[in-house]
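What follows draws every value from the coordinates through simple rules; no lab data is involved. This one's a predicted model, so the numbers in the text were calculated from it and none came from an experiment. Cβ sites come from the backbone with ideal geometry, for glycine too, and all protein chains shown count toward neighbours.
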Amino acid sequence: MATIKVNGPTPYNVHIARNLTNNLAAHVKETGAANVAIVHQPTLAAPARVIAEELGAANLTVTLAATPDAEAGKTIEVASGIWDVLGTENFSRQDVIIGLGGGAATDLAGFVAATWMRGIKVIQAPTTLLAMVDAAVGGKTGINTDAGKNLVGSFHEPDAVFVDLERLYTLAPEEITAGSAEIIKTGFIADERILEIIEDSSERALDVDQNLPELIERSIAVKASVVGQDLKEAGLREMLNYGHTFGHAIEKRENYSWRHGDAVAVGMMFVANLAKNRGLIDHALVQRHRDILQSVGLPTTYEAGAFDELYEGMLHDKKNRDGKIRFVALEGVGEVTRIEGPSIEELQAAYAEISEG
Ligand code: GLY
């Protein structure tokens, strides 16, 4: 089993291996909790029951809290329903919540844990590639409201994260592809070996029985190092948003029907072109982005004619300061910088380079 330590205000471990149910249960028992709630998406009822049986055998009282799938689960109504269950079951400060599922489940479980009695332990058990390499690590929790996505939440670090590689076998190939965008992102911002492994063979790279476990470990190691130094995104953590400014604008325009990873892939292409046009990186590095993203099946272009809507979306990005759009950009692989307040002409030029047709 690989274990990556995340430093910060409350250090914790991310365990990466196959068949981690026993390890997860042993960890929960060690916390001294009497009550455990497993917050999970509907399709994960079976693995949730297996964990519940393991914990029940050790005399813990387990409640299964199924949530609606994906973003529909990240609402105040769903959170409130779980708070009601915690109240009925007399959850105390010593008790534990497990977040089992994709990023929506781990975000919601973290949010409920952060707010119940001003904060109880959450143990994250991500089941999608995206949640393994991004959402479950780093303590960002939240729900969506009418005002927007993830505007209500809190930084609440998990007590531990269990990345069970066995779950990857159940994912659709598109889920692996979309999750790989965040892995590629960590390659560009901090670990060139990730890029080399994919360049060597994208097929082997995304194969659970070949290089995918190493890529997951490397990607989590990058994220762990960054959030361990800057949990609350005072500066360094912002680099994890590489490709996200334009990516979020696409997601918003598409009413969140695009996979996050697909949007981030196009977002990386956009900002790579923006950086190239400023002379920060050369054409070859833009081409390297395109080649790597295309090799795993990620999109690298977006439809033409949508600049005004995308611009509007970028104007409302959370990273902006003093009304200026702010991009995380590269000066080279592993050399992160910022582009602040680019002109509309620069944005239009980068958009023209990634537009279809
Ligand atoms: N997903 C970016 C972050 O956790 O900061």
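Quick notes
- The peptide list 21-33, 121-133, put in order of mean Cβ contacts within 10 Å with the highest first, becomes 121-133, 21-33.
- Where Cα atoms sit under 16 Å apart: lysine pairs in the chain separated by 8 or more or lying on different chains: 19
- Hydrodynamic estimate: the Kirkwood radius of the chain over Cα pairs, inserted into Stokes-Einstein at 10 °C and 1.306 mPa s, corresponds to D of 77 µm²/s.
- Extension gain, Ala26 back to Gln229 (0.36 nm per residue minus Cα-Cα distance, nm): 70.2 nm
- The phi-based Karplus calculation (6.51 cos²θ - 1.76 cosθ + 1.60; θ = phi - 60°) puts the 3J(HN,Hα) values of the stretch 34-39 at 9, 10, 9, 10, 9, 8 Hz, whole numbers, x for Gly and Pro.
- The DSSP beta bridges internal to the stretch 67-154 are antiparallel in roughly 40% of cases.
- Tensor-based shape of the stretch 26-93 (alpha-carbon gyration tensor, a/c under 1.5 rounded, otherwise prolate or oblate): oblate
- Relative contact order [Cα under 8 Å, 6+ residues apart], the stretch 18-112, whole percent: 37
- The chain, relative contact order [Cα under 8 Å, separation at least 6], %: 14
- Selection of GluC sites (Glu not before Pro), the stretch 206-286, meeting DSSP coil and at most 16 other Cβ within 10 Å: Glu254
- Prolate/oblate/rounded call for the stretch 123-279, Cα gyration tensor, a/c under 1.5 rounded: rounded
- Judged by the ratio a/c of the largest to the smallest principal axis of the C-alpha gyration tensor, the stretch 61-208 counts as prolate, that ratio being 1.5 or greater while a/b is larger than b/c.
- Per-residue Cβ neighbour rank within 10 angstrom, fewest leading, Asp200, Asp291: Asp200, Asp291
- The calculated 222 nm mean residue ellipticity attributable to helices in the chain amounts to -14000 deg cm²/dmol, summing -39500 (n - 2.57) over DSSP H runs of n ≥ 4 and dividing by all residues.
- Screening the chain for whole DSSP H helices with an alpha carbon extent of at least 24 angstrom along the helix axis and a mean Kyte-Doolittle hydropathy of at least -0.5 yields 173-190, 212-229, 260-277.
- Computed extension gain for Asn7 through Ser355, at 0.36 nm per residue and net of the alpha carbon distance, reaches 121.2 nm.
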